[in-house]
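**Q** Could you have a look at this structure, given as structure tokens, before my questions?
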Amino acid sequence: RGDDRPRAPTIRRVAVVKGEILTLSHATERDIDLLLVEELRCSHVFRDRFIGELSLISGANLSHINGKVSHSRRRMHSRREIDILLEVEALEGKYAVLIENKLDTAEQPQQAESYRLEASALATEGFDFALTVLVCPEAYVAKAPIFAGKFDAVFTYEQILALLRERADAETGELMSRLRYRADLVSQAIEKGRRGYKAVPL
């Protein structure tokens, strides 16, 4: 400003709903995308449980030695992107898990079908097989059962929340706090998915 007058203090306003401070002013699909990418990339405990749950849901015999994850992966045969791609090396071969994350947005035309086409392409170009997975709140499955049924498996936000809370309860210190923070974020997204978009005044 060109003078030495003291600046007014910065006031940080925090959104509050029903007396509770929200983790974020509003949870978005991208927030859940990044949370999943981090957990699948950095936590072998989360990745083991995630793959184990998919084995039970899909009926596929999934095991793994190691894996890598990428976000917004460009598809080989479409302009669309895969939300999250988990590439896994297992004793029985190499497989891909194509993950579509839906919080509250409507399906795009032929979206599930294009995932299956990409999975088929991957299964013939470097992977032994591929699996398509829809990650979303339980309320989304209830609203769009036909869309959800087009994927090989559905993994709900509620399952992610349970995994994070279970791990948080077994930890202490900073890791416990981080896991509880992530669980709160997923819980907030579930509530948003149930109620739909609602503006939060600041």
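**Q** Using only the Cα atoms of segment 82-202, build the gyration tensor, take square roots of its eigenvalues as a ≥ b ≥ c, and label the shape rounded, prolate or oblate: rounded if a/c is under 1.5, else prolate if a/b is larger than b/c, else oblate. Intermediate results must be reported in sequence, preceding the final value.
**A** Numbers: a/c = 2.70, a/b = 1.30, b/c = 2.08.
Oblate.
**Q** Subtract the Cα-Cα distance of Ala170 and Cys42 from 0.36 nm times their separation in residues, and report this length gain in nm to one decimal.
**A** Details: separation 128, 0.36 × 128 = 46.08 nm, distance 1.77 nm.
Stretched fully, the Ala170-Cys42 segment lengthens by 44.3 nm.
**Q** For the pair Ser120 and His26, what calculated FRET efficiency results from E = 1/(1 + (r/R0)^6), where r is the Cβ-Cβ distance and R0 = 45 Å, to the nearest 0.05?
**A** Values: r = 36 Å, r/R0 = 0.81.
Approximately 0.80, to the nearest 0.05.
**Q** What nm value, rounded to one decimal, do you get for the distance between Glu191 and Glu113 when each label is placed 7 Å out toward the C-beta?
**A** Going from the Glu191 label point to the Glu113 one covers 3.9 nm.
**Q** Would you mind computing Rg(Cα) / (2.2 N^0.38 Å) for segment 121-173, counting N as its residues?
**A** On the way: Rg = 15.5 Å, N = 53, 2.2 N^0.38 = 9.9 Å.
Compared with the compact-globule rule of thumb, segment 121-173 sits at 1.56.
Here, each number is a calculation from the coordinates, and none is a lab measurement. Predicted model only: the values in this text are computed from it and were never measured. Virtual Cβ from ideal backbone geometry, glycine too; neighbours counted across all protein chains shown.
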